[in-house]
1. How far, in nm, would the chain grow between D89 and A52 when pulled straight, counting 0.36 nm per residue and subtracting the alpha carbon separation?
2. About its Cα centre, how strong a charge dipole does the chain have in debye, to the nearest 20, once Lys and Arg get +1 and Asp and Glu get -1 at the Cβ?
3. Only helices at least 15 Å long along their own axis, judged from Cα atoms, and with Kyte-Doolittle mean hydropathy of 1.0 or greater: name those in the chain from DSSP H.
4. List the trypsin sites (Lys or Arg not before Pro) in the range 210-252 that DSSP assigns to loop (not H, G, I, E or B) and whose Cβ has at most 15 other Cβ atoms within 10 Å. Which are they?
5. Can you list the GluC sites (Glu not before Pro) in the range 250-342 that are in a DSSP coil and have 16 or fewer other beta carbons within 10 angstrom?
6. K165 label point, 7 Å along Cα→Cβ, cut-off 18 Å on backbone N: hits in the range 175-212?
7. How far is the Cα center of the range 126-201 from the Cα center of the range 209-247, in Å?
8. Just to confirm the filter: which chymotrypsin sites (Phe, Trp or Tyr not before Pro) across the range 86-194 are DSSP coil and have at most 11 other Cβ within 10 angstrom of their Cβ?
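The numbers here are math on the coordinates, done by the rules we state, and not lab data. Bear in mind the structure is a predicted one, so any value in this text is a computation, not a measurement. Ideal geometry is used to build each Cβ from the backbone, glycine not excepted, and the neighbour counts take in all protein chains shown.
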Amino acid sequence: MTHPHSLMPSRPHTINNRARHVRLLILSILMLLPLDASAGWIRQEAAIMGTAINVELWHEDAAQGRALTQAVLDEMHRIDNLMSTYKPDSELSLINANAADGPVTVSTELLSLIIRALDYSVITAGAFDITYASAGQYYDYRNAKKPSDRQLEQALPAINYRHVKIDPQSSSIEFMRQGVRIDLGGIAKGYAVDRSMEILRSGGVENAIVSAGGDSRVIGKRRDRPWNVGIRHPRNKDSIVSMIPLENSAISTSGDYERYFEEGGVRYHHILNPGTGTSSHEVHSSSIIGAVATDTDALSTSVFVLGVNDGLQLINSIPDTEAVIIDNQGRMHYSTGLAQLQ
Ligand code: ADP
Ligand code: MG
């Protein structure tokens, strides 16, 4: 079959022009392709540890950047498998099942994080306490479930970080009382974010953000400008009350709007006062800015329980650490380092 064009009189200059166009087109595609394929911003979202994970980074080699992003997600899964109380065979669940009956040997990694959490109990006078779970285990926010008065009464004496005995020599942990449960929900996401940043940095990444729910850490910049992390309005999820520019630091926010249900005009949410085994109502949210996310995570939960005065006093005593607190009337409070900037 003859192509209709072949019936037209030949016009060599047009064909030459077209050929040149095609050559130019191929050339420009070739020039663009290596740029696109070999360098750039990579962004990945996922749902791990019961929360939204976000990884954004710049790498000279896009394939390597994608591999590092995957390594971060793998690390989050690994930490979840180690520390989740929802997984019956996690190392943490094995501790909860057996440590009241005698010492349980644990990995040095998990033991180190538990020791760090216990240190926070000491500096917060017990406001941060992983044994909150002795009562916390009876709450199910999704299904609007809370402990009965009797369950709460029985659980309360088990909430005390001093019941947790660590033997670093044998890398073991023991609960000195029946009924004690621990949960690392107030520190594990920050830890996962810090571990992720170590993976990215050792892979040569210099500009990145890693977030796990309310815990974020950034290094370098985002397209030549500081990273910005928003503090959301505690009663309006579409509104941001403050944008915090960050470079090489971490920020964690704890809020009473993350996991909760309401009953009889009371908001039952996931941050408990270890003294009562019930939700803390002094503030709506607390955000902590510091060097690493493990610390900002533990501190945001701590300050939430401590309230405005004791919370600010604690944060003002820790170098290079700042706080933005929204109290239960919606008023904002700042640590001294930030108040100077207002
Ligand atoms: P999230 O990012 O899940 O909102 P937060 O950093 O605000 O986490 O911490 C809340 C979590 O901390 C709860 O879900 C629970 O697992 C744990 N937690 C609650 N109360 C305390 C407490 N008083 N001390 C230590 N951990 C707590
Ligand atoms: Mg926290």
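1. 11.0 nm
2. About 1460 debye.
3. 108-123
4. The qualifying sites are R223, R235.
5. E258
6. Within reach of a label on K165, which here means backbone N under 18 Å from a point 7 Å along Cα→Cβ, the range 175-212 contributes 175-182.
7. One Cα centre to the other: 28 Å.
8. Taking the range 86-194 and a limit of 11 other Cβ atoms within 10 Å, the loop chymotrypsin sites (Phe, Trp or Tyr not before Pro) found are Y86.
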